[in-house]
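**Q** If you scroll down you'll find the structure; I have some questions about it.
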Amino acid sequence: MLCAILSANTVSIAQNNDASAYFDRNKNISVKERPKPEYQTDGIRSGIWVFKPQLGLATEYTDNVFAEDQDKQNDIIGVIAPSVVVKSDRSIHALEFNAGVETRQFFDNSSESHTNIYTGLRGRLDVRRGAYFDAGVSYARGHDDRTTAGAARVAEERISVDRFDSFIGGYREFGRTRAQAAIKNRMRDYKNGALPDGTALDQDFRDRNDWELEFRGDYAVSPETAVFARAIYTDEDYDDVQGVASRDQKDLTLEVGADFEVTELVRGEVAVGVSDVKFDDTGRDDFNSFSYQAGVEWFATPLITVETNASRRVRPSTLVNASSVLEDQLSLRADYEWRRNIVASAGASFRKSDFRDIARQDKRLSYSVSGTYLMNRNVGLTARLIRTDLDSDGLFEQPDFKETRIMIGVELKR
């Protein structure tokens with residue numbers, strides 16, 4: 001619930017509902033997606049606009065504030081998170097704005113207290129049936145979690161970062177064929193920190209400006225299955241660091257795959273391919289990597305949805321001497337709708353991060369259980385337990401740690 005605010009720096013907007021039968025994948029609806037009109041607010045209407053304010057209140061416990069392997073410190077955290085979504089309510093075109101604040105107050109370690117903010121604007125222009133353009137911009141001020149690789153664990157105070165994102169894209173269907181294209185820009189500006197003894201922690205090496213171009217074409221073999229090919233080109237431009245080889249790089253990922261819906265039991269998308277990474281600095285070694293991305297939902301019963309996701313991608317590095325990170329991720333989650341207004345979830349995720357150019361590999365295992373109870377249209381209760389274990393190996397390893405977080409919260413909606 002509340003921890004997701006850091007990643008919510010773009011607003012979500014419903015896509016055009018005019019997709020042809022060849023690309024519909026709606027034989028079933030997952031537990032999380034299933035509409036609950038009797039527990040959903042109508043918002044505040046003014047003409048074509050709908051305002052949906054929300055207030056999240058939570059108490060959170062962590063048994064390892066600083067992600068230490070020894071001498072762990074626990075703490076209680078109070079969380080206040082007001083937010084608002086404003087969107088148009090029309091049969092064609094769409095415009096949506098959102099903004100929010102999350103304040104996290106640590107009771108014993110007050111220096112850990114911080115406030116995150118985000119805001120975003122996104123719109124869709126419907127050109128014709130099965131064709132539209134969309135675009136969006138967003139800004140977020142966040143803070144590194146203590147479990148983040150790099151200086152985040154040892155800094156006197158949490159390192160903050162400004163995130164600026166924008167994109168523009170287009171979508172077109174014609175018969176059995178679908179084409180999509182998008183251009184995205186991501187800018188990151190990390191603020192410098194300091195060690196407890198006052199030694200400066202320069203974080204400018206993490207600042208970067210990324211451009212990404214993505215093209216995808218689909219062909220429907222049948223109303224239940226489509227094959228596709230996509231190309232993703234990324235240009236990463238880092239701030240230069242004196243005495244360190246440039247990490248500027250260009251990554252071209254080419255993949256082929258299929259999206260499918262097998263009867264009413266299984267739907268998903270699977271793609272495999274290769275990523276080719278080239279560095280501007282000839283002193284760094286270019287490399288190729290096998291890539292994949294998959295997401296599959298299994299509708300075990302009308303009340304149980306099981307979802308699994310897996311991917312391998314080249315990611316930006318948080319360490320100055322590492323040019324990039326080759327990251328494999330795998331997750332599994334099950335959602336159970338015990339009653340119409342009560343949903344229980346359990347999941348696990350595994351992430352392996354291989355840092356390029358230095359001897360380090362991180363393995364992070366997390367598992368969680370959670371529950372949501374919707375009291376009525378305006379009030380919902382949530383509870384969550386998350387356990388995270390990090391195993392870091394290599395010459396540049398960081399101390400291993402284990403952390404347990406427990407959160408109980410309430411959401412008030414209008």
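**Q** Among the residues of the stretch 159-177, which ones are among the basic types (Lys, Arg) and either exposed (fewer than 15 other Cβ atoms within 10 Å of the Cβ) or farther than 15 Å from PHE133 by Cβ (or both)? Can you show your working first?
**A** Residues of the stretch 159-177 that are among the basic types (Lys, Arg), as a first pass: 163, 172, 176.
Passing the criteria: ARG163, ARG176.
**Q** Please count how many residues of the stretch 69-95 are touching a Ser or Thr at 6+ places or on another chain (Cβ under 7 Å) and not aliphatic (A, V, I, L, M).
**A** 3
**Q** Does ALA155 satisfy the condition of being small (Gly, Ala, Ser), in contact (Cβ under 8 Å) with a residue 40 or more places away in the chain and crowded, with 17+ Cβ neighbours inside 10 Å? Steps first, answer last, please.
**A** On the way: small (Gly, Ala, Ser): yes; in contact (Cβ under 8 Å) with a residue 40 or more places away in the chain: yes; crowded, with 17+ Cβ neighbours inside 10 Å: yes.
It is true that ALA155 is small (Gly, Ala, Ser), in contact (Cβ under 8 Å) with a residue 40 or more places away in the chain and crowded, with 17+ Cβ neighbours inside 10 Å.
**Q** Given ASP63, ASP75, which one is among the charged types (D, E, K, R), under 30 Å from GLN398 (Cβ atoms), touching an Asp or Glu at 6+ places or on another chain (Cβ under 7 Å) and surrounded by 15 or more Cβ atoms within 10 Å (Cβ to Cβ)?
**A** Values: ASP63 fails: surrounded by 15 or more Cβ atoms within 10 Å (Cβ to Cβ).
Step by step, each of ASP63, ASP75 is checked, and only ASP75 is among the charged types (D, E, K, R), under 30 Å from GLN398 (Cβ atoms), touching an Asp or Glu at 6+ places or on another chain (Cβ under 7 Å) and surrounded by 15 or more Cβ atoms within 10 Å (Cβ to Cβ).
**Q** For ARG34, state whether it is farther than 14 Å from VAL84 by Cα, surrounded by 14 or more Cβ atoms within 10 Å (Cβ to Cβ) and at pLDDT 90 or above. It would help to see each step written out before you state the result.
**A** Numbers: farther than 14 Å from VAL84 by Cα: yes; surrounded by 14 or more Cβ atoms within 10 Å (Cβ to Cβ): yes; at pLDDT 90 or above: yes.
Yes, satisfied.
**Q** Tell me which residues, restricted to the stretch 299-319, are β-branched (Val, Ile, Thr) and buried (at least 18 other Cβ atoms within 10 Å of the Cβ). Outline the logic, then answer.
**A** First, pick out the residues of the stretch 299-319 that are β-branched (Val, Ile, Thr): 301, 304-306, 308, 314, 318.
Once the filter is applied, which keeps residues that are β-branched (Val, Ile, Thr) and buried (at least 18 other Cβ atoms within 10 Å of the Cβ), the stretch 299-319 yields THR305, VAL306, VAL314, THR318.
**Q** List the residue pairs whose Cβ atoms are under 6 Å apart, where the first residue sits in the stretch 257-276 and is under 13 Å from TRP298 (Cβ atoms), the second is polar (S, T, N, Q) and part of a strand (DSSP E or B), and the two are 6 or more positions apart or on different chains.
**A** Taking only residues 6 or more apart or on different chains, the pairs are PHE260/THR225.
**Q** Note down all Cβ pairs under 6 Å where the first residue falls in the stretch 173-189 and is modelled with pLDDT of 95 or more, the second is of a type in the set (S, T, N, Q) and in a strand (DSSP E or B), and they're at least six residues apart or on different chains.
**A** ASN185/SER166; MET187/ASN209
**Q** Filter the stretch 349-384 down to the residues that are closer than 30 Å to PRO37 by Cβ and aromatic (Phe, Trp, Tyr) and list them by number. Spell out the reasoning first.
**A** Filtering the stretch 349-384 down to residues closer than 30 Å to PRO37 by Cβ leaves 368-384.
If the condition is that a residue be closer than 30 Å to PRO37 by Cβ and aromatic (Phe, Trp, Tyr), then TYR373 is the only one that fits.
**Q** When you go through THR234, THR199 one by one, which is the residue that is within 28 Å of ARG122 (Cα to Cα) and either crowded, with 16+ Cβ neighbours inside 10 Å or not basic (Lys, Arg) (or both)?
**A** Numbers: THR199 fails: within 28 Å of ARG122 (Cα to Cα).
Only one candidate passes the filter, namely THR234.
**Q** Here are the criteria: (1) surrounded by fewer than 18 Cβ atoms within 10 Å (Cβ to Cβ); (2) touching a Leu at 6+ places or on another chain (Cβ under 6 Å). Tell me which single one ALA58 does not satisfy.
**A** All conditions pass for ALA58, except number (1).
**Q** Separate question: Of all residues in the stretch 357-379, which are over 22 Å from the mean Cα position of the chain (by Cα) and in contact (Cβ under 8 Å) with a residue 60 or more places away in the chain?
**A** Those that are over 22 Å from the mean Cα position of the chain (by Cα) and in contact (Cβ under 8 Å) with a residue 60 or more places away in the chain: ASP357, LEU374, ASN376, ARG377, ASN378.
**Q** Looking at PRO399 and the list (1) at pLDDT 95 or above; (2) in contact with a Ser or Thr (Cβ under 9 Å, 6 or more places away or on another chain), which single condition is not satisfied?
**A** The failed condition is (1).
**Q** Let me ask something else about it. Within the stretch 330-348, which residues are surrounded by 15 or more Cβ atoms within 10 Å (Cβ to Cβ) and either among the basic types (Lys, Arg) or over 17 Å from VAL306 (Cα atoms) (or both)?
**A** ARG333, ASN341
**Q** So how many residues does the stretch 120-151 have that are buried (at least 19 other Cβ atoms within 10 Å of the Cβ) and free of Cβ contacts under 8 Å to residues at least 24 places away in the same chain?
**A** Within the stretch 120-151, residues that are buried (at least 19 other Cβ atoms within 10 Å of the Cβ) and free of Cβ contacts under 8 Å to residues at least 24 places away in the same chain number 1.
**Q** Follow-up question, since we're still on this one. Among the residues of the stretch 402-414, how many are in contact with a Lys or Arg (Cβ under 9 Å, 6 or more places away or on another chain) and at pLDDT 95 or above?
**A** 9
**Q** Follow-up question, since we're still on this one. Got a number for residues in the stretch 37-84 being at negative phi and either acidic (Asp, Glu) or not in a strand (DSSP E or B) (or both)?
**A** Let us first name the residues in the stretch 37-84 that are at negative phi, namely 37-42, 44-46, 48-66, 68-70, 72-84.
Next, only the ones that are either acidic (Asp, Glu) or not in a strand (DSSP E or B) (or both) stay: 37-42, 48, 60, 63-66, 68-70, 72-75.
Residues meeting the conditions: 19.
**Q** Hey, among the residues in the stretch 263-300 that are β-branched (Val, Ile, Thr) and at pLDDT 95 or above, which one's farthest from VAL325 (Cα to Cα)?
**A** Within the stretch 263-300, the subset β-branched (Val, Ile, Thr) is 263, 266, 270, 272, 274, 277, 282, 296.
Going one step further and asking which of them are at pLDDT 95 or above, we end up with 266, 270, 272, 274, 277, 296.
Working: VAL266: 32, VAL270: 22, VAL272: 19, VAL274: 15, VAL277: 11, VAL296: 25 Å.
Result: VAL266.
**Q** Can you name every residue in the stretch 380-395 that is over 21 Å from the mean Cα position of the chain (by Cα) and surrounded by fewer than 16 Cβ atoms within 10 Å (Cβ to Cβ)?
**A** The first filter runs over the stretch 380-395 and keeps only residues over 21 Å from the mean Cα position of the chain (by Cα), leaving 380-381, 391-395.
The answer is LEU381, ASP391, ASP393, GLY394, LEU395.
The values are calculated or read from the model by the stated rules, or taken from the named source; none is laboratory data. Because the structure is a prediction, the values reported are computed rather than measured. Neighbour counts run over all protein chains shown; Cβ positions are idealised from the backbone, glycine included.
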